[in-house]
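Working notes for the structure below.
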Amino acid sequence: MRSGPKQALAIFLGSQELHPERRGTELEGKVSELFLSFKLPVYRYLLGLLGNRDDAEEMTQEVFLSLYSTLQSGTRIDNARAWVFRVAHNLAVNHQKRPRIVEALDEAEWWRLCQERSDPAGDSEQRLLREEKRTRVIKAMECLSPQERHCLDLRAEGLCFREIADVLSIRISTVETFLDRGIRKIAKEIND
Amino acid sequence: MTKRTWWARKHWHPSERDLLLYVNGEGGSKLAPSVRDHLEGCWSCSMKRDRITGAISAFMRAREAGLDGEGLSEGAGRRFESKLRRRAEKAEREHIASKRENPSRSRHGVPLQAALAVSLFAVTAALVWLRFSSVPSVSAREILSRAERAESMRIGAVNAPVVHQLLHVTRRVNGLYPESAYLETWRDTLNNRWKQETKEAVAVAGGFNSKGLGSRRRSREGDPRWVAELEEVLKSNNMHQNPMSASAFAGWRSRLKTPVESITETLLENGDKALTIATTAAETLPKNAITKAEFVVRRQDWHPVEQRLSVSEPVGFRSYEIRETSFEVVALGSLGASIFEQPVLPAPLALQSSSLDRPLAAESQTDALELEIALFHRLHQAGACLGEEVRVVRGASAKPEVRGIVESLERKQELTRLFAEFPGVPVVIQAVSGEEKAVLAANSGTSEAPAADAASIGTEGDSEPSPMKNHLVAHFARLDLPAEARRPRMVEFSNQVISLSQSAHLHGWALRRLAERFNDVHLEKLSPQAVARFRSMANDHLRALSSVVGRCDEMLRPVLASLANAENAENRPAEFPATEAGNWQSRSMRVFESVMKADRLIHSLFAGTEATANLQESSSALLVSLPLVLEDTRAAESKLSVLVSVPGQPVISAQSNQQPTP
């Protein structure tokens, strides 16, 4: 068997096979296109996990570079969105396993981020109510387990249950359970 | 349909999980229609559904509030494209190499020569593209060595140099408030001595507390306890003498066995370009060891401006963000030789900090505060608050004292006479000795005399005339002036601008000292007369700043307008609304920061050797920053009038006849 750099005989992205003669530039273009489409949700998901903008940004780029390498090596990717989120998730989890150098998005940072956004409503009472509610939600979010939080974050980024299950390498029924629990916790906090 | 089936269907309610699936559009073709039909007639289940959707909406709102708008930085796309291109190049090169090893193997029947030609073309194109579009690659070592060189050049320009730095430090610990403090350091590089003072920041960022959102911590004075912890961390990592310097960072970096490093180009808050070295220790480190450090160096002059340190913790995280607020290299003589022996003498910030909270009865505390205001006011009247090293401090018994160093015996006598009417207040003022004065005089050309700096712009014997000088020559040539009068006018113009900037610098510092020393709580306790005194001092500085900066703006705008990027100069950044947020203190600190920024820009343009490329940027930045100072000053004035308005009390203007330039 030939050793050396991998070069796929055929490159598939979904059901589409890239033209063998143009695949270098075509693949680059395709990955750039995917980067444009998914960079923001992936970045936001990573930012939620890592709590550090620079790391999240760096990792987002890393995810799409991995996508390029994987496609280049001939691995078929059927669902690019689920794939990039899975790689992002795994990279973030590995990153967090390193010695504690990563700062989680702590309460103060979260609050600062919330404060940076101006409230469109001018009514102070409404605003107070909303802020109180938001406090409760944030409090509830602290009670979520990491898996529940991951499921909610991924769902918030528009992934369906199957994709979430794929990203987190768990069963769909488990995704349902995590989401159910997470939503219950939030509902309990805001309704009590 | 049997009776049982009919009964079961009639009394069937979807479970919470069914509702969750339905709400998420996951019910499938079987479950979704039946749940939808059921919800139409079942209030109880509708309520459950609303509960779920309500929780989802609340989660989304809270999440969006935190993350929305948090997009990738502007250059992220470009950097990614560049990385992708490089990876593609690499893959292509490897592919060609593998083909060369085994030339008989042509997978897709592409002629080898053609593939090579295409690859070469692609490599060349990529190199050209990289040359013109990407950030030039630079190593951390190179950045650090440049920063070290720049620092030693700055230090070397002054005789008997003392590096004075004011650092704003923010500490973040998992689940706790971010806390801030100012760290002020003096480093005598000649005699290898150093001194450090701390003071908790006046305005601390809003935090999240257990009782709810929106609480803003009141300012506190005195040494924050965690500063000792920071000192411990710095000491453990051998950075304690010099918390923010390239050499200290390089030292820490060199001790790591397996550092993981990256360099990114970033923009500072003021728009300056910077390079950030992020170094992470991959090995396990003991307690208090720095596991990750980010070192930010301003590109313009390779000066370190920010450092973020993450410290190893068994659980959670702890990090410190150290931001430089001011940096200057001064001659030891100008500080007084006793600075390192008598820590309280010339410390402009910290002298009030250590003993303020010493126990004093409430009444005597107010009395002491009033006395302090009166002493401040007297210093203000004597003009000693503008650049003279005379301060009102709290002595061992927590009572106010006047201490300092002045340049002549006459001045000492004058000030001593002024404070004679405060019996019981110790006045310890020293005159600089003859030897120290000689040192001062020797250094006056390098650090103390702006006029000399400015005049150097017009010196004909300059081997390398600065771009600013060329611009001024061209500008004055356009004016209707006789040829022989142009040069003196140009020198006068430069001297005047630098002198105004120097004056603004001094008023900025005086304002800052007031803002740091007296907070809302203090002012509430004071008598109307003391409040009026305080207000008159603050107002004097604010008015002087308005006048000086306004004059500076008038002078510079016609000269720099042609040089500055017109679009940037016109479009002032809307950094924050002029008069809404913050209290008087934070507003004053804001004024101080904008004054320092403008001062730095003026010095870099008129007294530095600004490169042509930066000349345009600096001019634009200056034309933007001057109106901002005026705006900030107005905002501070308005906050001050609201904060300490005393009905029926006339405002005493202590310095109404004082010249803005000392």
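For region B:292-322, taking the residues that are of a type in the set (V, I, T) and farther than 12 Å from B:L230 by Cα, the one that is nearest to the other protein chains (Cβ to nearest Cβ) is identified as B:V315. Taking the numbered list (1) in contact with a Phe, Trp or Tyr (Cβ under 8 Å, 6 or more places away or on another chain); (2) crowded, with 17+ Cβ neighbours inside 10 Å in turn, A:I172 passes all entries but (2). The set of residues in region A:139-162 being part of a helix (DSSP H, G or I), open to solvent by 20 Å² or more (accessible area, probe 1.4 Å) and of a type in the set (D, E, K, R) consists of A:K139, A:E142, A:R149, A:R155, A:R162.
Looking at (1) open to solvent by 40 Å² or more (accessible area, probe 1.4 Å); (2) of a type outside the set (V, I, T); (3) at pLDDT 55 or above, which is the one condition that is false for B:H471? Only one criterion in (1) open to solvent by 40 Å² or more (accessible area, probe 1.4 Å); (2) of a type outside the set (V, I, T); (3) at pLDDT 55 or above is unmet by B:H471, namely (1). Of everything listed in (1) modelled with pLDDT of 80 or more; (2) exposed (fewer than 14 other Cβ atoms within 10 Å of the Cβ), the single unmet condition for B:D462 is (1).
For region A:56-67, the count of residues that are assigned to a helix (DSSP H, G or I), under 23 Å from B:L275 (Cβ atoms), of a type in the set (V, I, T) and at the interface with chain B (Cβ under 7 Å from one of its Cβ atoms) is at least one. The residues of region B:235-256 that are at pLDDT below 80 and either in contact with a Pro (Cβ under 7 Å, 6 or more places away or on another chain) or part of a helix (DSSP H, G or I) (or both), listed by number, are B:K235, B:S236.
On the stretch given as region A:135-170, residues that are more than 8 Å from every other protein chain (Cβ to nearest Cβ) and within 18 Å of A:N90 (Cα to Cα) total 19.
Checking B:A157, B:A126, B:A122, B:A114 one by one, the residue that is at pLDDT below 80, over 35 Å from the mean Cα position of the chain (by Cα) and surrounded by 12 or more Cβ atoms within 10 Å (Cβ to Cβ) is B:A126 and no other. Restricting attention to region A:37-54, the residues that are within 23 Å of B:E321 (Cα to Cα) and not in a loop (DSSP other than H, G, I, E, B) add up to 7.
Among the residues of region B:513-542, count how many are buried (at least 19 other Cβ atoms within 10 Å of the Cβ) and acidic (D, E). Residues meeting the conditions: 2.
The values are calculated or read from the model by the stated rules, or taken from the named source; none is laboratory data. In this text the structure is predicted, and so the values were computed from the model without any measurement. Here the Cβ is made from the backbone with ideal geometry for all residues, glycine too, and neighbour counts use every protein chain on show. With ligands, DNA and RNA removed, areas are computed over all heavy atoms of the protein, side chains included. Shrake-Rupley method; radii C 1.70, N 1.55, O 1.52, S 1.80 Å.
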